[in-house]
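Engineer: Sharing a structure here in structure tokens format.
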Amino acid sequence: VVHAPTVFIATGSASTRLPSLPFDEANATGWIFDSDSIVGIGRVPEHIFIQGGGLIAVEYAFIFERLGAKVTLALREERVLQGKDVDIDISAAVGARLEERGVEIRYGDGNVVKVTPPAEHGGVGS
């Protein structure tokens with residue numbers, strides 16, 4: 001279980017809202033984002049949990065880390081950018097750089113099936 005005030009589900013270049021996740025719940029507004037809505041976040045979160053290990057997820061992990069957020073990146077794969085036509089050495093270098101920058105990467109742990117919005121708007125969910 002990860003507790004974070006902001007959750008970003010990066011399902012790929014075409015935004016997909018997984019039906020099991022509470023994108024439309026009132027308390028989830030401003031808390032859970034997909035690759036379309038994250039651009040309108042309007043703030044730098046203290047901690048952001050990003051599900052996904054592809055190009056968009058990795059890009060936003062770097063962006064939010066550089067802006068000062070604590071970043072947790074959870075992916076199903078055993079390395080970032082796996083299966084994305086990226087050379088294995090490049091993939092390893094990108095993963096190493098994320099970790100050097102302080103991004104927590106949870107390999108083989110990206111199958112998010114449930115998130116719980118905060119009890120009140122602006123709170124921390126899990």
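Engineer: So if each residue of separation counts as 0.36 nm, and I subtract the Cα-Cα distance between L18 and D89, what length gain in nm does that give?
Structural biologist: This chain segment gains 22.4 nm when fully extended.
Engineer: Sort 85-91, 28-34 for me by packing, meaning the mean count of neighbouring Cβ atoms within 10 Å per residue, highest on top.
Structural biologist: 28-34, 85-91
Engineer: G110: net charge of surrounding residues, Cβ under 10 Å, Lys/Arg +1, Asp/Glu -1, itself excluded?
Structural biologist: With Lys, Arg at +1 and Asp, Glu at -1, the neighbours total 0.
Engineer: Could you report segment 23-126's accessible area per residue, 1.4 Å probe, as an integer in Å²?
Structural biologist: 54
Engineer: At 25 °C and 0.890 mPa s, grab the translational diffusion coefficient of segment 36-126 from Stokes-Einstein with a Kirkwood Rh over Cα pairs, rounded to a whole number in µm² per second.
Structural biologist: Once the numbers are plugged in, D ends up at 178 µm²/s.
The values are calculated or read from the model by the stated rules, or taken from the named source; none is laboratory data. Nothing here was measured: the structure is a model prediction, and the numbers come from that model. Because the Cβ atoms are built from the backbone with ideal geometry, glycine has one as well, and the counts that use them run over all protein chains shown. For accessibility, only protein heavy atoms count, side chains too; no ligands or nucleic acids. Shrake-Rupley method; radii C 1.70, N 1.55, O 1.52, S 1.80 Å.
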